Structures are given as structure tokens and as C-alpha cells.
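Below is one structure; the comments refer to it alone.
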Amino acid sequence: MPAELLPSTAAKLLHRIAVGQAHGRCPSLLGAVARDGDLVWCAGRGRVGSDTGTEPGPDTQYRIGSLTKTFTAVLIVRLRDEGALDLGDPVSRYLPDLPLGPVTIAQLLSHTAGLPSETPPPWWERVDGVCRPRLADVLDAASVPGPAGRAFHYSNPAFALLGAIAAGSRGVPWFEAVRTEILEPAGMVRTTPMPEPPHALGWAVHPWADVLLPEPTPDTGHMAPAGQLWSTAADLARFASVLLGDVPTILSAESAAEMREPCSPATDGTWQVAWGLGVQLRHCGERLLFGHGGSMPGFVSSFWVEADERLAGIVLANATAGPDVSTIAADLVEIVATEEPRLPDPWMPLTAHDPELLALTGPWYWGATPVAVTLGADRELRVTGLGVRARESRFRPEADGTWRGLEGYYRGETLRVIRNSDGSVGHVDIGSFVLTRQPYAPADRVPGGVDPAGWC
């Protein structure tokens, strides 16, 4: 069972959602925090129904809107991992009847496909999906923001197309694939395409008076993969584990990490908001959060995960507009991470080691730059700088005796150990960069050779 939060931490969390519900003029607002996939705190303010409604709890369904897109993205990444498709494939290979040109699956996932934000009229979020009987009806050929691959432009129809690709590849409707491949294995029994009691009612709050108007909650048809789902705080806590790669039968840790790497609009460390493969990324101070928000008429939601702390902040509300749920969810993560930071895993020595691997550890030199090679669990090697700025990465062992870079500049690059004629280690090659035991030693195989005069 997960440990309970300290009363002082819980009080700060409750105050944050109480302020958010009151200032946001929201009929109800539910906040929750999960750690390692388990709810460690959950509380609601307001009422989920009419004046006689009840306070929301961890099992109360809310419509989660565009958070649905992340479920669709997981389906696509699973298909890629199985070899059923490649993210670089053109969408036309799977949806040949749509005039999409060279648009790729990866561009749909990262909102760089140059597709419009919305469907042609009528407003898809408020009308039944039967008004668009064909998949092609979700696209407006006259509204194209720009060529594919050039810039970020958020697109709801893009995820309708991704849902159709997943459904076509599986041979079942989109939600059936979500249910059997994500929800059931994760134990998410309260995530559904239409509301099931107990659930919140969706409301619009009058901007100038404290009165409410019911909002429609239609089945959006082909647009369902972009925003149809209803879910609960308890289920979303389990989904956080999926996105952290803690449920490898659904999503491997490596693929989960790939989904949260920035694709657009930036890939360096200066950005504040970016997009990965179906997830949004946001820097909040020194913390990097990933997740998604959602809005549909009558509902707003936000779901942020912090990988290092294994924390998820969840906020669900039943108002069309008002509460800043994204900021509230980020604040819930920050409160717990600050008040009760995660304890590091205890250090344990390796139970067995290969003497040849041990011989690789210690100081090396890339030219005149000193680096350290260290050996970790599962035969992973790590290259780090020694007192200077250097290119760093972790390297995973491969079956052929090489190592594959997992992060940073060397991500995807191959590390090879090059041996001398007597079998001893000569140097290390990382994508043609050579590490030697001495800086530019004449006896080492340094590309381009070493000046015979040596150091002077």
C-alpha cells in the first residue's frame, strides 16, 4: 500500500484545489496526486450534479477531452514496437483515400503535419459524430496552416487519423483497441467512451452571474480518438504508470521515454513548452513535466507527470471555462515533490561482474578532454565529464558486444571496444569518436595521427 502523505502536505494540496475551485467558479473540482501509480492523495470541492449533488471522489468520472490523445498515441507506439508500422511511414500508406501528401505518422503525433486545428463546421465537440459519416469529413482541405514538417500547429483531426490507423491495423474499433490493450491490462475499469455513474455533469458557467447551463456530451464519432474518453482520478493514476514505462506489457520503459522527448517546437534546453509523441512537455522551474490537458464543453482536465519523482498531478473539473487546471495540476506535483521528495533507491553493489568490463572503467580522454567510464547495473556503461563539459550518455549493452547510446549527443550511436593484437583494450570508439587512455599518446590509434614532437 502507498504511504500516506503528511498532514501538512495534504493541507497544502487541499488549499490549492479549494482556491482553484472557488476562484475558477467551477461547480466541482477534483485534485489527486499519484506516486508510482498509486493514489497518495485525492480530494474534491463542490458538487458534481445539481445543488443536491455529491462531492467528487477518486471514482467519479469526468470527461477528460484531449487527454484521450495520449491513449491514442500509446496505441500507435505499440504498433511501432511490434513492427506493424514505422513512425516515418506516410499516412497515405494506411489511409490511401485521404489527400495528405507526404505527411508522416510521427508528424501527426507531434502536431507538425500542417493540418488544421479543427474540423469543418459544425463544431465537432458539441454535435453528434453522425454528422461526419466518413473519416474524410474531419478534414477541411481549404484550411491548411502550412507544409508538413515545418512548424508546430495543434491539430485535433490529426488524432482522428491516428485512431483510424490504429483501428485499421488492429481490425477492431478504436475504443476496443484502447480497452483491450491499455485499460484492461492497467486495471483501468472506469475509463469509458460515454459516462457511467457516478459521473459529473458538464456545465457552462455564466460569465457575469453565478448560474449554470448544461452542456451536451455527444458521441463524437470519427473524432473520438481526439477527445471522447471519460475517466477518474484512480484510473489516471494507473495510466501514469503506463506513461512512466512501469507496465512493460503495455509500453516499454524505452518507448515511454521516447514519447516524452521533445519533437516540436524545440529540441534544445531553452524551451518552456514543447511536444513529444502525443504528450505535451513543460518546464516548471527546474522540473520537467509531461502529460496532457483536455477540454470539452462542460469539462476541463489536466494531467502532469514528473518522471524523476514518479509523481502525477491530476485535476478534473466540470466547467467549460474558468479554473486554470494546468497550473493547479503542476502545483500539486510541486507541493509533494518539495514537501516529500522521493527517497533515492538504496545503492547496492553488483552481484557479479565481468573482469573485462571492469577494465573499461576509469578515466579516458576524447582528445584532451577527460571523461570517466563507469559500470552500472545490467552492464550499462556511462560516459561523464571529469571536471569539464563533455558529451555524456548512458550506453545499453547489445547482443553483438557493442553498446547503444540512450541519451544526449550519443543517443542511438554505437560504442565499440577496439582491442589490440594481444586482445587487450586499445581504445573505445563512439560513432567514430575515439577515447584513449592518455591524451594524444603517440602509441594510441588517434585519427589523423599525433604530432611526433608530442606535447611541448
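A few points about this structure:
- Once region 179-237 is narrowed to residues that are β-branched (Val, Ile, Thr) and in contact (Cβ under 8 Å) with a residue 12 or more places away in the chain, the residue that is surrounded by the fewest Cβ atoms within 10 Å (Cβ to Cβ) is Val189.
- Qualifying positions in region 11-40 - touching an Asp or Glu at 6+ places or on another chain (Cβ under 8 Å) and either outside the structural domain of Leu201 (by TED's automatic domain parsing) or at pLDDT 95 or above (or both): Lys12, Arg16, Gly20, Gly24, Arg25, Ser28, Arg35, Val40
- Flag for Gly168 being assigned to a loop (DSSP other than H, G, I, E, B), surrounded by fewer than 23 Cβ atoms within 10 Å (Cβ to Cβ) and small (Gly, Ala, Ser): no
- The test for being free of Cβ contacts under 8 Å to residues at least 40 places away in the same chain and either more than 22 Å from the chain's Cα centre (by Cα) or surrounded by 21 or more Cβ atoms within 10 Å (Cβ to Cβ) (or both) holds for Ser92.
- Test set (1) assigned to a helix (DSSP H, G or I); (2) in contact with a helix residue (DSSP H, G or I) (Cβ under 9 Å, 6 or more places away or on another chain); (3) within 25 Å of Cys263 (Cβ to Cβ) - Leu183 fails condition number: (3)
A quick yes/no check of all residues on (1) within 16 Å of Tyr154 (Cβ to Cβ); (2) modelled with pLDDT of 95 or more; (3) not in a strand (DSSP E or B):
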| site | (1), (2), (3) |
| --- | --- |
| Pro262 | yes, no, yes |
| Thr270 | no, no, yes |
| Leu288 | no, no, no |
| Gly291 | yes, yes, no |
| Ser302 | yes, yes, no |
| Val305 | no, yes, no |
| Ala312 | no, yes, no |
| Val315 | no, yes, no |
| Ala321 | no, no, yes |
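- Looking only at region 393-414, and only at residues there that are of a type in the set (Ser, Thr, Tyr) and part of a strand (DSSP E or B), the one that is surrounded by the most Cβ atoms within 10 Å (Cβ to Cβ): Ser393
- For region 150-180, the tally of residues that are among the acidic types (Asp, Glu) and closer than 26 Å to Ser264 by Cβ stands at 0.
The values are calculated or read from the model by the stated rules, or taken from the named source; none is laboratory data. Being a predicted model, the structure only gives us computed values, none of them experimental. Glycine also receives a Cβ, built like all others from the backbone with ideal geometry; neighbour counts cover every protein chain displayed.
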